[in-house]
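The values are calculated or read from the model by the stated rules, or taken from the named source; none is laboratory data. On a predicted model such as this, the values are computed, not experimentally measured, just so you know. Using ideal geometry, Cβ is built from the backbone for each residue, glycine included, and neighbour counts are taken over all protein chains shown.
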Amino acid sequence: MTTLKLTPKYPREKQTIMMFNGDEAVAYAVKQCYVDVVAAYPITPQTIIVEKFSEFVANGEVHTEFIHVESEHSAMSACIGAAATGARAFTSTCSQGLALMVETLYIASGLRLPIVMAVTNRALSAPINIHGDHSDAYLMRDAGWVMLFVENVQEAYDTTIQAFKIAEHPEVQLPVSVHLDGFFLSHTMENLHVLPDEAIYEFLGGPRKPVKVKVDYYDEEVEYTLNPARPLSVGMLAFYDYYFEIKTQQVEAFKHAERVITEVNEEWYKLTGRKYGDGLVDPYAMSDAEIAIVVMGSSTGTIRNIVKKFRERGVKIGVLRIRSYRPFPRRRVAELLKDVKLVAVLDRAASPGTLGALYSDIISSLYTLKERPLVVNYIYGLGGRDLSPQLVHRLIEELREDLRRGFIPEERLQRYLGVRE
């Protein structure tokens, strides 16, 4: 049996090679997505995204309304207003800016507005720190946003474009955040394969097309937009007689989002020859793994490289990168980890008073299995501390010792990787 090799519509030779850092890659992707409104407020290490995009506006390369706002709260508020009128809207932030924005994140998702936001993940104060970890991302894990974590600059470009298609899908209609690790990706230069503008236009189906809804007052379905010609109430007061049903519809949309993310990932593969696992998770060497390392973001490359060296020595170890943090792909996670003996979950953030956030999601995904692997939690990389190859070597040797022991002592259930003691 022979497998037919895919010939993408735009193979590498039809793509332009550019050198961008992660922030510039996101800005260029947004430039190609025919965005109507960008609301901007600076915060390191996100600022380059909106600075670069403002150059596109100033040079007349895009026809986008660029709104300078006075805070991150205002940035998301402006996007909410724009998206509610049917515009395609984008913003970006991180850290304390995301913290200030949290109130409006719930509003954006509750109103089912397909806004896209880039988050250059950065540590939270205090003490003040401008470098990358995932503390800020965990602020929004229950805010009703689709959350996609990228590994490298190419994926940041690709995923930003995909995010608009996912958000605007008629069965999703949810805001999407694209997460790239602060400085590790936001300020790192890579060669980037970029598609022509017309390919992105075709991929997205042109400008945003608002969904239509049935309203008893009108005889026909009308666009879900603020339009004086067809007045609608958006975000009105909802007591207990309606609020519950509204929120459960939002939850159901995430079930559709899980399918749509995989479909968009496959469509992008056919267009470019690039895909990221199944769009939800990106496994490496997991088919016969006895030990698995679960991780999100830019650390994956370092871990994968060291795991490859251990594989060459006969150690059965694999890597499971979580790309879609929300919706969390619990069925796929359980399927990939069910035959593993030991799992290490790496959280690039501390959750004081409990175990790691990603660890908790993995544990809940495995709970329904009749036989479950041992699972240990590692906190690493806080405040931008590097995950060196030496630390990954130490991690894997510890895991091999755990596997030989056959159990995880309670006092060793959560560990710190690379902290001075």
The listed residue being assigned by TED's automatic domain parsing to the domain that holds Ser177, of a type in the set (Val, Ile, Thr) and closer than 26 Å to Lys247 by Cα, out of Thr85, Thr64, Thr120: Thr85
Looking only at region 316-332, count how many residues are outside any helix (DSSP H, G or I), among the charged types (D, E, K, R) and closer than 16 Å to Met147 by Cβ. 3
Just to be sure before I move on: is Cys33 closer than 20 Å to Tyr201 by Cβ and buried (at least 22 other Cβ atoms within 10 Å of the Cβ) in the structure I sent? yes
Got at least one residue in region 178-188 being surrounded by fewer than 23 Cβ atoms within 10 Å (Cβ to Cβ), of a type in the set (S, T, N, Q), modelled with pLDDT of 95 or more and closer than 19 Å to His134 by Cα? yes
Scan Lys370, Lys338 and give me the residue that is of a type in the set (Lys, Arg), surrounded by fewer than 16 Cβ atoms within 10 Å (Cβ to Cβ) and under 22 Å from Asp278 (Cβ atoms). Lys338
With the condition kept exactly as written, say whether any residue in region 117-132 is of a type outside the set (Val, Ile, Thr) and free of Cβ contacts under 8 Å to residues at least 12 places away in the same chain. yes
I want to confirm something. Restricting to region 331-370 and keeping residues that are in contact (Cβ under 8 Å) with a residue 60 or more places away in the chain and not charged (D, E, K, R), which single residue is nearest to Arg394 (Cα to Cα)? Leu346
If we keep just the residues of region 240-294 that are among the small types (Gly, Ala, Ser) and either more than 30 Å from Val315 (Cα to Cα) or in contact (Cβ under 8 Å) with a residue 40 or more places away in the chain (or both), which is surrounded by the most Cβ atoms within 10 Å (Cβ to Cβ)? Ala292
Between a residue in region 41-59 that is under 20 Å from Gly383 (Cβ atoms) and any residue that is surrounded by fewer than 19 Cβ atoms within 10 Å (Cβ to Cβ) and of a type outside the set (Phe, Trp, Tyr), which pairs come within a Cβ distance under 8 Å, given they are 6 or more apart or on different chains? Ile43/Gln96; Thr44/Ile130; Pro45/Ile130; Pro45/His187
